[in-house]
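One structure below.
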């Protein structure tokens, strides 16, 4: 932080992208401040076993892995504010970020606020998170080898997840509230041609049923036309009804696509505002993995470091240039 209270970099968000950005920024002596939010750790905080992140050969718990990420960033001097940002102003330099009435200023900002998987909103769903309820087939499919599972949704993601799960599960039942799909015809045809996928249409999930250990044992569905309910025996429920990027505070300041994801330039993490970078699920609606989020967090820190250095070089050249 300089004498005017302006930091070199502020990182907004406390998940794999934010903490990795902080680690790289701290090791580059940028003295980062991470405003990590009350719900720090991102989507991995509702994930039990993580077995697909390099460096954890025996697997680990999602919250424990995020604690490791955070501790490693802190080891190199990262500072943290465990609170939510309430306002930003990227229209002038230095950039301004507020937490309530507290104002923070920085030369560069990395936005790593992530995205949130849409949930069904059931209390039983919440209780079974990490106990059979999942929001990512790529992450958790291997835990359901030779088991029956249910997928909820009717878009490309849902049909893609259902098809992917057939590589592991013995039977996949796809539940959708309509009799038609929003998914592309090729995805629908592929799923219908898969002998391991059953379809329960015009139906919604009403409750997740648990066994004595609190694990998923069945999913109760209601037909929206007849009103009849039935139970589907299953040990896993995959909710695939979409994600929402956490970008509301940046609307009107950063370019976004029609779904609200921040648009970055080419293969960089640069946004439309010079000095503001975006990393992780807040700008990635394709991969949505902890390892890809961490990788883009690294890239954002490197991009920010290079941008800051170029800015300093420009300032030095301006001072050294002879007058008129």
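Read-outs throughout are calculated quantities, based only on the coordinates presented, and are distinct from any laboratory measurement. Note that the structure is predicted; figures quoted are calculated from it, not measured. Using ideal geometry, Cβ is built from the backbone for each residue, glycine included, and neighbour counts are taken over all protein chains shown.
Descriptive notes on the structure:
- DSSP beta bridges fully contained in the range 119-239 are about 45 percent antiparallel.
- Residues considered: 170, 92, 296. Largest GNM mean-square fluctuation over the chain, using C-alpha springs under 10 Å, is found at 92.
- Spin-label pair residue 119/residue 184, simplified geometry with 7 Å Cα→Cβ offset, distance in nm: 3.2 nm
- Cα convex hull of the range 1-142, projected area averaged across orientations, nm²: 10.0 nm²
- Potential lengthening between residue 285 and residue 244 on full extension [0.36 nm per residue; Cα-Cα distance subtracted]: 13.8 nm
- Based on Cα contacts under 8 Å between residues 6+ apart, the range 119-239 shows a relative contact order of 31 percent.
- The shape of the range 119-239 comes out oblate: with a ≥ b ≥ c from the C-alpha gyration tensor, a/c is at least 1.5 while a/b does not beat b/c.
- Rel. contact order, % - alpha carbon contacts under 8 angstrom, at least six apart, the range 75-178: 16 percent
- DSSP bridge analysis restricted to the chain gives an antiparallel fraction near 45%, rounded to the nearest 5.
- Most mobile listed residue (45, 187, 65) in the chain, GNM with C-alpha springs under 10 Å: 187
- Rounded to the nearest 10 degrees, the inclination of helix 16-27 to the longest alpha-carbon principal axis of the chain is 30 degrees.
- Entry note, the chain: the mean residue ellipticity at 222 nm calculated from DSSP H runs of n ≥ 4, each adding -39500 (n - 2.57), is -8000 deg cm²/dmol after division by the residues and rounding to the nearest 500.
- Relative contact order, percent, the chain [alpha-carbon distance under 8 Å, six or more residues apart]: 20 percent
- When each of the peptides 122-128, 216-222 is scored by the mean number of other C-beta atoms lying within 10 Å of its residues, the order from highest to lowest reads 216-222, 122-128.
- Extension gain, residue 229 to residue 86, is 47.2 nm, computed as 0.36 nm per intervening residue step minus the present C-alpha separation.
- Against the chain, whose longest principal axis is taken from its Cα atoms, helix 290-320 shows a tilt of about 20°.
- A simple spin-label model places pseudo-atoms 7 Å from Cα toward Cβ; at residue 4 and residue 272 they are separated by 2.6 nm.
- Of the labelled figures (1) 8; (2) 25; (3) 5, only one reflects percent of Cα pairs over 38 Å apart as derived from the coordinates, namely (2).
- GNM top mover of 300, 233, 108 - the chain, alpha-carbon springs below 10 Å: 233
- Residues residue 164 and residue 313, FRET efficiency given R0 of 45 Å [Cβ-Cβ distance, rounded to 0.05]: 0.40
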